Structure formats: structure tokens, C-alpha cells
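A.B. asks: Would you mind keeping the following structure in view while I ask a few things?
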């Protein structure tokens with residue numbers, strides 16, 4: 001029950017963040033911080049829907065983060081979050097060649113984030129993890145995640161292979177876990193920055 005409660009709280013938090021960012025965008029569409037928060041919230045929300053909804057939200061997240069980077073190309077947190085969005089999109093893409101393009105885009109984003117902030121351990125670890133992602137993608141789809149993602153499994157097959165799918169679901173959640181954790185940190189940092197009190201007058 002705690003897990004379900006936590007999921008509900010996270011869903012509500014990121015939906016609130018998304019709506020707030022959308023309202024702020026209507027007032028100022030050139031706020032790169034706001035666009036980064038919006039993209040991060042969409043990436044977080046992508047884990048709560050079905051595969052098609054997840055893909056749609058991830059694509060929307062990528063769009064918002066790219067918009068933030070048009071305004072500020074050196075925005076390291078947007079670059080890092082965009083790398084996570086490309087990685088998420090790749091894992092939901094059954095076609096290996098199409099996924100490779102997404103992994104390449106992710107790697108470029110992580111590298112740029114590291115270039116902007118070389119001492120950031122999270123950015124460095126994300127860059128390292130992306131190098132291993134194509135192999136993980138291949139394993140994941142070899143074990144049937146691709147069929148599940150495309151909705152190809154019948155209910156009879158679902159019941160017959162419940163144990164195997166449980167392992168695939170665990171793997172799916174492991175992958176989404178580190179991606180979503182990363183996006184959550186970006187969103188949290190963004191919200192914390194927006195609520196910092198002004199410095200005292202000198």
C-alpha cells in the first residue's frame with residue numbers, strides 16, 4: 001500500500017509541476033528553467049501511462065527540453081534531462097536501429113552536460129550508463145519486452161508466462177527507475193531554485 005501511495009503522491013506532484021510550468025509558459029515562453037521543469041515533469045509522468053501514452057509524453061518532454069536549449073544551449077540540467085528522455089524513448093523503441101539513434105542522441109546530451117559541468121558525478125555516471133544501454137536494450141527486447149510494448153501478448157500467453165513477464169517488468173522498472181530518478185532530481189533542483197529567497201541587500 002505504501003508503494004501505491006508513493007506513486008499517487010509522485011503522480012500528483014509531477015502533474016502539479018507540469019500544470020504550473022504550462023501556466024508559466026503562457027506568461028513567459030522564454031524561460032529556460034520553466035521549460036526544463038516542464039520537460040522533467042513530463043518525463044516523470046511518462047512512467048504512469050501505458051506504452052503509447054509514455055511515448056507521447058516522452059516526445060513532448062523532448063520538445064520542451066529542446067526548446068529550453070534553444071534559449072540557453074549551455075543549460076546543463078536541460079541537456080542531462082534531454083539525455084534521459086532520449087534514453088527512455090530508446091528503451092520503448094523495439095527497432096534496434098531507431099533505438100541506436102536515440103542512444104546516440106542521449107550520449108551527445110550527456111557529454112555536453114559533462115562538458116558544461118565536469119565535476120557533476122550524476123552527469124558522468126549517466127554518460128557511462130549510456131554506453132551500456134544498447135546492450136541492455138537488446139537483452140530487454142530479446143526477452144519479450146518489445147512484444148509487450150507493442151501489445152502483442154495475448155491474455156492466455158500473459159497467464160502462461162506470468163513468471164517470465166514478472167522478471168521483464170522488474171527489468172523495465174529498473175531501467176525506468178534510474179531514468180526517472182534522474183529526471184526527478186532535475187525537477188526537484190528546478191523547483192528548489194525557483195523558491196530560493198532573494199539575497200539580503202548589501
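A.B. asks: I need the helices (runs of 4 or more DSSP H) fully contained in region 24-133, keeping only those with at least 2 residues that are in contact with a strand residue (DSSP E or B) (Cβ under 7 Å, 6 or more places away or on another chain) and buried (at least 16 other Cβ atoms within 10 Å of the Cβ).
C.D. replies: Where helices (runs of 4 or more DSSP H) fall fully within region 24-133, none carries at least 2 residues being in contact with a strand residue (DSSP E or B) (Cβ under 7 Å, 6 or more places away or on another chain) and buried (at least 16 other Cβ atoms within 10 Å of the Cβ).
A.B. asks: Still on this structure: So, residue 140, is that one more than 30 Å from residue 29 (Cβ to Cβ) and in a helix (DSSP H, G or I) or not? Before the answer, list the steps.
C.D. replies: On the way: more than 30 Å from residue 29 (Cβ to Cβ): yes; in a helix (DSSP H, G or I): yes.
Considered against the rule, which asks whether it is more than 30 Å from residue 29 (Cβ to Cβ) and in a helix (DSSP H, G or I), residue 140 comes out as yes.
One line per residue, one yes/no per condition, for (1) over 26 Å from residue 119 (Cβ atoms); (2) more than 14 Å from the chain's Cα centre (by Cα):
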position: 31; (1), (2): yes, yes
position: 47; (1), (2): yes, no
position: 50; (1), (2): yes, yes
position: 57; (1), (2): yes, no
position: 67; (1), (2): yes, yes
position: 72; (1), (2): no, yes
position: 83; (1), (2): no, no
position: 87; (1), (2): no, no
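A.B. asks: Let me ask something else. Identify, please: which residue in region 11-23 is buried (at least 16 other Cβ atoms within 10 Å of the Cβ) and free of Cβ contacts under 8 Å to residues at least 60 places away in the same chain and is, among those, nearest to residue 88 (Cα to Cα)?
C.D. replies: The selected residue is 18.
Just so you know, all these numbers are worked out from the coordinates, no wet-lab data involved. Please read all numbers here as calculations on a predicted model, not as lab measurements. A quick note on method: Cβ atoms are made from the backbone with ideal geometry, for glycine too, and the neighbour counts reach across all protein chains shown.
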